[in-house]
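The values are calculated or read from the model by the stated rules, or taken from the named source; none is laboratory data. Small disclaimer: the values here were computed from a predicted structure and weren't measured. FYI the Cβ positions are ideal-geometry reconstructions off the backbone, even for glycines, and counts take in every protein chain you see.
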C-alpha cells in the first residue's frame, strides 16, 4: 500500500530512434497521448462556452460553471471529453505502483463519475431529469458530482506536482532547450494555480458569489492542467527526431 504513496522521482533516458525503434514508437505514442490530453484540457472550456453560444444560441452566456453545460446543447461534448480524459487517466500508469498511478486512477475514475452524475439542474434548463437522477434523487446525484469534481481537481494537482518533481531531476542536457529547473517550476506553478483555483471555487460556493465566479475557477484550473500536460508531452526532439543528448 505504501508504494501507492511514493512518487516517481527519476526519469530514464529516452531511447535512441536509430537503434531502438520499438521503444521509440512506444515512447512517442505515450507523449502524443499526453499532448492530446493537454489539448483537451485547454479546449474544453473554450468549446463548451463559445460553441454553445454560436451553435445553440446558449443563454445565459456564459453559464455558471462548466458542469452546467451538461444541460446545454454541448452535453454530448462535455460527457465525451470527460470520458476520454477519464479512460486515459485510468490506464495511464495502471501497471505501476506509485503515487502517480494512485492519483491518476482517482482522477480518471472521478472524471467518468462527473460525466455520469450531472450537477443540479439550473432553473432555466427546461429538460427532464435523467433516469439516474430520478432513481436516486437529484440532490444525491449532485453531491456525488461535487465530491467527484473535488477529487478530480486535487488528483490532477498531485499529478502535476509529480511532473515538476521528475522534470527537476532530469539530467541537465536531456534534450530540452530550457533547464530542468525551469520545467520543475513550470509544472509547480501550474500546481499552484490549480490549488488557488480550488480555493477560489470553495470560497465561491461558501459565500454564494455570482455563479460565473465558479466558472472562472474551473476554467483556470482546466487551463493549468492542460498546460502542464501539453508541456510534459511536447518533447519535440523526441516526437519528430532524435533526443538532443544523443545527437551530441
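Brief remarks follow.
- So residue 119, is it in contact with a helix residue (DSSP H, G or I) (Cβ under 9 Å, 6 or more places away or on another chain) and buried (at least 18 other Cβ atoms within 10 Å of the Cβ): yes
- Test result for residue 196, out of contact with any helix residue (DSSP H, G or I) (no Cβ under 7 Å at 6 or more places or on another chain), in a helix (DSSP H, G or I) and either crowded, with 20+ Cβ neighbours inside 10 Å or at pLDDT 80 or above (or both): yes
- Residue satisfying all of: in region 1-29; within 23 Å of residue 161 (Cβ to Cβ) and at pLDDT 75 or above; surrounded by the most Cβ atoms within 10 Å (Cβ to Cβ) among these: 14
- Residue 98 satisfies every condition listed in (1) buried (at least 22 other Cβ atoms within 10 Å of the Cβ); (2) farther than 19 Å from residue 36 by Cα except (1).
- Residues that are at pLDDT below 90, within 25 Å of the chain's Cα centre (by Cα) and either under 18 Å from residue 214 (Cβ atoms) or not in a helix (DSSP H, G or I) (or both) within region 131-175 comprise 168, 169, 170, listed in sequence order.
- Residues of region 65-79 that are assigned to a helix (DSSP H, G or I) and touching a residue at least 24 places away in the same chain (Cβ under 8 Å): 67, 68, 70, 71, 77, 78, 79.
- Screening the candidates 62, 128 for the property of being in contact (Cβ under 8 Å) with a residue 40 or more places away in the chain and assigned to a loop (DSSP other than H, G, I, E, B) yields one hit, 62.
- Check on residue 103, at negative phi and touching a residue at least 24 places away in the same chain (Cβ under 8 Å): yes
One line per residue, one yes/no per condition, for (1) surrounded by 20 or more Cβ atoms within 10 Å (Cβ to Cβ); (2) more than 21 Å from the chain's Cα centre (by Cα):
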site	(1), (2)
200	no, no
208	no, yes
211	no, yes
215	yes, no
222	yes, no
225	yes, no
228	yes, no
235	yes, no
239	no, yes
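- Checked against (1) modelled with pLDDT of 90 or more; (2) crowded, with 16+ Cβ neighbours inside 10 Å, residue 93 passes all but condition (1).
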